[in-house]
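Notes for the one structure printed next.
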Amino acid sequence: SALEQFKSFVSSTQSARGEFSQQLVKIDAGKAPKVTSTSSGIFIFARPGKFIWTYQKPYEQVLQADGDRLYIYDKDLNQVTTKSLGNALGSSPAAILFGSNDLEKNFILKEGQAKDGMEWLEATPKAKDTTFDHIGIGLKDGLPHAMELRDSFGQVSLLTFKNFVKNPPLSAGQFQFVVPKGADVLNQ
Amino acid sequence: CSTLSQSSAPAATAASGAARQYHQAIDVSGRLSIRYQQDGKEQAMHGSFTWAQGKQETVITLLSPLGQTLATINIAADQATLKQSGQPARSAGDVDALTVQALGWPLPIAGLRDWLQGFGQNAAGQRFSAAPSAAADDGFSVTTADKWLIQYTNWQAQDNGAESYPKRIDLARNTAQAGEVAIRIVIDSRQPH
C-alpha cells in the first residue's frame, strides 16, 4: 500500500537527490484545467531539514535549507532572502520529503486511490493556517514519483520526480549556502 | 491615493523599433521580492505573481516560491477584493490601501497598471515612456507622481521587431505604514490581448 511504501521510504532514506518537473494547474469549476506555468530543476536533501531545491528552467532560483536557515536566491532579482528555518518546514510540502520523519505530527495520512501506475498517499495538514489544503504523494517501487499539492484557491501544483537516487554520497559542506557574488541579501 | 488612471498611448519614442503601445488588456507573469519594515523589524517576502489586466477587471495572484497561491486581488471599476487562504475576503474602494492593510506591505497596483508596461506619470505630472537608453547603464529611472522611485534596469527585446519591454523593474519609496519599501519585479511572460 502507499502508506507501507512511504513508511519504508522514510525509514530507509536518510538523503536523496534527483530531478523534478513542476506544473501549476488552475482548476476552476466548469472550465478545463489550465496549465499556468511549467518549470523544472534538480533537488538534493538530507533529513532532517537540509535541502537544495534548484529551479533551472524557465529561470534560475534556489531554495536552500542548511538545517538552520532557509535561503531563497533568485538570479534575475539578484537577491537572497533568508530567514530562520524554525518550523517553516512544518506542514509545507517540503516537510514530506525533507523534514524529520515523524510526519504524523503535522499531517493526517490515509490511503488514496491508485492512479497513473502509482499508489497514492493522501496527507492533510493538521494546521489550518497553511497555504494549501491537501497533498498527494504517488509512490512506486518504494520511491516517490509524483506529488500533488492543492491550495485553497483551486490551484494544483503537480511535481514529478526522475532519476531519484537514495542515500547518495554527500560532501561535507553540501548544504552550506554561499551568497552568489554581487547578490543583495535580505535578512528576516 | 491615486485612482486607476486611464492612460492614452504616449507619443512615439525614438529609442528602438516601433513605439511600444500601452495595452489596456494584458496578461503578465513574473517574480517579485519585497523588502519592508513591520513594527521596526526588517521583513522580506519573495514569490511570483500573475497579473491579468482587462478593460473591466484586473485579477492579480500572488504565489509562494513553490507555487502555492498566497492571495488573489480582484479589482473591478469601483471595488477591490482581496482573498488570502484561510481568511475571509476583504473589500475596499482603494486597492492600494486594501493591499497594505491585508498584506502589511504596499503593492502600488494602481500605478503598476502603467509602470509594468514602462509608462506612467512623473513627479511633474508629465507622461513618461521608459526606454532602454544606451548611455546610462542603470537604464531609465523616474520618480512618479506618488513618490515611487522606479528604475527600469533591464529590458526584453521582442523577436517580432516591436520595441523591447521592461524585464526588471525596481521600485522604492518611503511609506508611512511600512517604512522604507523596496520592490523588485522580473517579468517572465507578457501577453497583450
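Key figures
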item: Strands (runs of 3 or more DSSP E) lying entirely in segment A:23-107 (those with 1 or more residues that are in contact with a strand residue (DSSP E or B) (Cβ under 7 Å, 6 or more places away or on another chain) and closer than 26 Å to A:LYS7 by Cβ); result: A:34-46, A:50-57, A:61-66
item: Selection status of B:ARG113, part of a strand (DSSP E or B) and not acidic (Asp, Glu); result: no
item: Near pairs, Cβ below 8 angstrom, 6+ apart or cross-chain, from segment A:8-32 (under 20 Å from B:THR69 (Cβ atoms)) to any residue that is open to solvent by 60 Å² or more (accessible area, probe 1.4 Å) and not in a strand (DSSP E or B); result: A:VAL25/A:PRO33; A:LYS26/A:PRO33; A:ILE27/A:PRO33
item: Filter pass, B:THR143 being open to solvent by 20 Å² or more (accessible area, probe 1.4 Å), in contact with a Gly (Cβ under 8 Å, 6 or more places away or on another chain) and free of Cβ contacts under 8 Å to residues at least 24 places away in the same chain; result: no
item: Residues being within 24 Å of B:GLY125 (Cα to Cα) and crowded, with 16+ Cβ neighbours inside 10 Å - total across segment B:146-183; result: 17
item: Flag if A:ASP74 is open to solvent by 70 Å² or more (accessible area, probe 1.4 Å), closer than 22 Å to A:PHE175 by Cα and not aliphatic (A, V, I, L, M); result: no
item: Any hit, segment A:143-164, residues being assigned to a loop (DSSP other than H, G, I, E, B) and touching a Gly at 6+ places or on another chain (Cβ under 6 Å); result: no
item: Restricting segment B:26-59 to residues that are within 16 Å of A:LYS34 (Cβ to Cβ) and facing another protein chain (nearest Cβ under 8 Å), the residue that is surrounded by the fewest Cβ atoms within 10 Å (Cβ to Cβ); result: B:SER29
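Each row is one residue, and each column tells you yes or no for (1) out of contact with any strand residue (DSSP E or B) (no Cβ under 7 Å at 6 or more places or on another chain); (2) within 14 Å of chain A (Cβ to nearest Cβ); (3) at pLDDT below 90; (4) assigned to a strand (DSSP E or B).
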{"site": "B:THR61", "(1), (2), (3), (4)": "no, yes, no, yes"}
{"site": "B:ILE73", "(1), (2), (3), (4)": "no, yes, no, yes"}
{"site": "B:ASP78", "(1), (2), (3), (4)": "yes, no, yes, no"}
{"site": "B:THR81", "(1), (2), (3), (4)": "no, yes, no, yes"}
{"site": "B:GLN87", "(1), (2), (3), (4)": "yes, yes, yes, no"}
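The values are calculated or read from the model by the stated rules, or taken from the named source; none is laboratory data. Here the structure is a predicted model, which means the values were calculated and not measured. Heads up, the Cβs are rebuilt from the backbone with ideal geometry, glycines too, and the neighbour counts pull from every protein chain shown. Surface areas here come from the heavy atoms of the whole protein model, side chains and all, with no ligands, DNA or RNA. Shrake-Rupley method; radii C 1.70, N 1.55, O 1.52, S 1.80 Å.
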